[in-house]
């Protein structure tokens with residue numbers, strides 16, 4: 001099962017906790033797609049990156065995906081020649097949602113050739129061409145694109161080996177080689193990749209992730225961060241589940257309380273306590289977090 005489908009499988013469980021609010025969230029995701037089939041970014045402009053989260057949200061909540069309109073929007077990007085690394089991956093993932101039978105012949109190879117241009121000498125991936133090393137985030141993005149198009153990255157072992165340089169002395173991972181402290185999203189990404197490819201992860205990593213729980217619930221992006229955020233919470237929960245590490249009951253309840261503070265009656269979720277916006281990305285991560293907390 002691909003990384004995207006794994007996330008989707010968990011997000012489908014969110015209605016267990018959303019209850020009667022599920023329809024509000026479903027309507028929110030419908031509003032995140034324009035009449036032309038494009039997802040809106042935080043400024044209300046069409047964006048491939050946000051499109052994939054709008055589509056994933058609709059799928060998770062068993063809402064109809066307007067495939068004809070989305071297909072037309074995707075075709076407007078051709079083979080992705082004008083796109084950066086993240087948006088190339090988003091284009092690949094969107095085509096996976098629309099369907100392999102609708103994807104133009106040869107487009108999968110063309111997209112993956114462009115993605116391969118972002119491979120680094122250490123075997124990892126990263127969208128910043130100025131960096132000589134891969135990142136955990138880049139590895140997650142690249143592997144997701146390959147899998148959604150039905151392929152495997154060349155030399156997958158090198159991809160895993162590239163993460164070694166990102167390990168931190170405190171038992172986690174960073175996106176920067178030589179960092180003294182780990183970062184939650186980098187650590188969660190590394191754990192998800194390593195376990196997805198069938199390799200073990202040291203139990204110490206689970207201890208590190210659980211140490212990032214805020215006293216009021218949710219996970220911190222880095223040790224000492226001023227407040228928890230939804231992205232870090234969702235990715236940490238996903239990584240802990242991949243390690244088959246159960247949450248202590250008190251942490252489980254505090255995370256539920258944290259998610260409740262981010263809920264908006266318009267059907268979406270805010271990214272953190274100081275966030276005034278609503279978007280498809282954070283709302284999908286709320287579904288992912290709720291899915292894990294429903295188990």
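What follows is calculated from the coordinates using simple rules that are stated; it is not laboratory data. All figures in this text were calculated on a predicted structure; none of them were measured in a lab. Positions of Cβ are generated from backbone atoms using ideal geometry, with glycine treated the same way; all protein chains shown enter the neighbour counts.
Observations on the structure shown:
- Fully extending the segment from residue 250 to residue 86, taken as 0.36 nm per residue of separation minus the present Cα-Cα distance, adds 55.4 nm.
- The distance between label points at residue 195 and residue 164 comes to 2.3 nm (points 7 Å beyond Cα on the Cα→Cβ vector).
- Taking the stretch 165-207 and a reference point 7 angstrom along Cα→Cβ of residue 9, the backbone N atoms nearer than 20 Å belong to 188-201.
- Where labels lie 7 Å past Cα in the beta-carbon direction, separation of residue 210 and residue 264 in nm: 3.4 nm
- Between residue 225 and residue 295, the FRET efficiency from the beta-carbon distance, with R0 = 30 Å, is close to 0.70.
- Between residue 176 and residue 45, the modelled labels are 2.8 nm apart [label points 7 Å from Cα along Cα→Cβ].
- The stretch 21-94 versus the stretch 234-295: alpha-carbon centroid distance in Å: 21 Å
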